[in-house]
Amino acid sequence: MRRNRAYWDRLAAEYEAPGRRSWSEEEPRWGIWGVPEFQIKFFPDDVSGFDAIELGCWTAYVSSWLARRGAKPVGIDNSPAQLENARRFQAEFGLEFPLIFGSAEAVPLPDASFDLAISEYGASIWCDPYRWIPEAARLLRSGGRLAFLVNSVLLMLCAPDEDDVPAADRLLRPQFGLRRMEWPSDESVEFHLAHGEMIRLLRSSGFEVEDLIEVQPPRGATTRYPYVSHEWARKWPSEEIWKVRKIP
Ligand SMILES: C[S@@+](CC[C@H](N)C(=O)[O-])C[C@H]1O[C@@H](n2cnc3c(N)ncnc32)[C@H](O)[C@@H]1O
């Protein structure tokens, strides 16, 4: 948490402009390829009236999209600097909702408070899944939904240590033992779980898996991130979306 806070606080200025762009979008666009919501259906069909929590909300643009769809979002983030950006955008766009400084691994809110928990590259990769997934289950009401977007397992196995070198077309690290990942280029700590382990963790936390969407970017899509090429991502999934439901 300490290391990831330092990392995200440091990047706050650089991420202000992309944050503002996302706040301005009418149609949500997901992940590093900006795949539109109508193609991917990350949100549940109708979120109107939903109590929703965004885990690792960054500039909270996902929460802004939820609020515009009639949900009542709350965002939590571990970086005070990113939350400052979020507050600035709330004022700029005239959209207020609660923002909490804290960790998605231990959220200071009561059990069964939410209908939807969502994370796009937030808690979903920056928190230990053995902590944040049971925590999401605790926060959700019975039948509530958890949706999260992560780098694909395959991409993590093919990604070189250097973060500016794109993924290879071969396996560069073992899958067994995958969980905590540290890159030599910075102080951040990420978490990635192989599918079998993820399914077992979700089920033991009280979830049933509704979908696992392997994201393929549209033809001509671009990304500002250097770690995967469009050609690679057209052949293999570079991102995946899990949609799970708390078993009633
Ligand atoms: C890449 S941003 C995710 C948001 C955005 N949806 C996106 O796609 O870029 C990652 C965010 O996760 C936050 N984060 C990292 N560790 C966290 C933790 N333990 N609890 C809550 N947020 C955390 C960071 O502060 C950062 O704002």
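The values are calculated or read from the model by the stated rules, or taken from the named source; none is laboratory data. Nothing here was measured: the structure is a model prediction, and the numbers come from that model. Note that each Cβ is placed from the backbone with ideal geometry, even for glycine, and that neighbours are counted across all protein chains shown. Accessible surface is based on the protein model in full, side chains and every heavy atom, while ligands, DNA and RNA are left aside. Shrake-Rupley method; radii C 1.70, N 1.55, O 1.52, S 1.80 Å.
What to note about this one:
- The single condition from (1) surrounded by 14 or more Cβ atoms within 10 Å (Cβ to Cβ); (2) part of a loop (DSSP other than H, G, I, E, B) that residue 187 fails is (1).
- Residue match in region 117-134 (condition: among the hydrophobic types (A, V, I, L, M, F, W, C) and more than 17 Å from the chain's Cα centre (by Cα)): no
- 1 or more residues without any contact (Cβ under 8 Å) to a residue 40 or more places away in the chain and surrounded by fewer than 21 Cβ atoms within 10 Å (Cβ to Cβ): qualifying strands (runs of 3 or more DSSP E) within region 85-170: 99-101
- Just one of (1) farther than 26 Å from residue 21 by Cα; (2) in contact with a strand residue (DSSP E or B) (Cβ under 7 Å, 6 or more places away or on another chain) fails for residue 201. It is (2).
- Leading residue by the ranking (farthest from the ligand (Cβ to nearest atom)) among those in region 42-64 that are free of Cβ contacts under 8 Å to residues at least 60 places away in the same chain and within 28 Å of residue 128 (Cβ to Cβ): 64
- The residues of region 1-40 that are in a loop (DSSP other than H, G, I, E, B) and loosely packed, with under 15 Cβ neighbours inside 10 Å, listed by number, are 13, 14, 25, 26, 27.
- Scanning region 41-76 for residues that are within 15 Å of the chain's Cα centre (by Cα), assigned to a loop (DSSP other than H, G, I, E, B) and surrounded by 19 or more Cβ atoms within 10 Å (Cβ to Cβ) yields a count of 7.
- Every pair of residues 6+ apart whose Cβ atoms lie under 8 Å, when the first sits in region 211-230 and is open to solvent by 70 Å² or more (accessible area, probe 1.4 Å) while the second is assigned to a loop (DSSP other than H, G, I, E, B): 214/152; 214/237; 216/237; 222/33; 224/32
- Given (1) surrounded by 19 or more Cβ atoms within 10 Å (Cβ to Cβ); (2) assigned to a loop (DSSP other than H, G, I, E, B), index of the condition residue 202 fails: (2)
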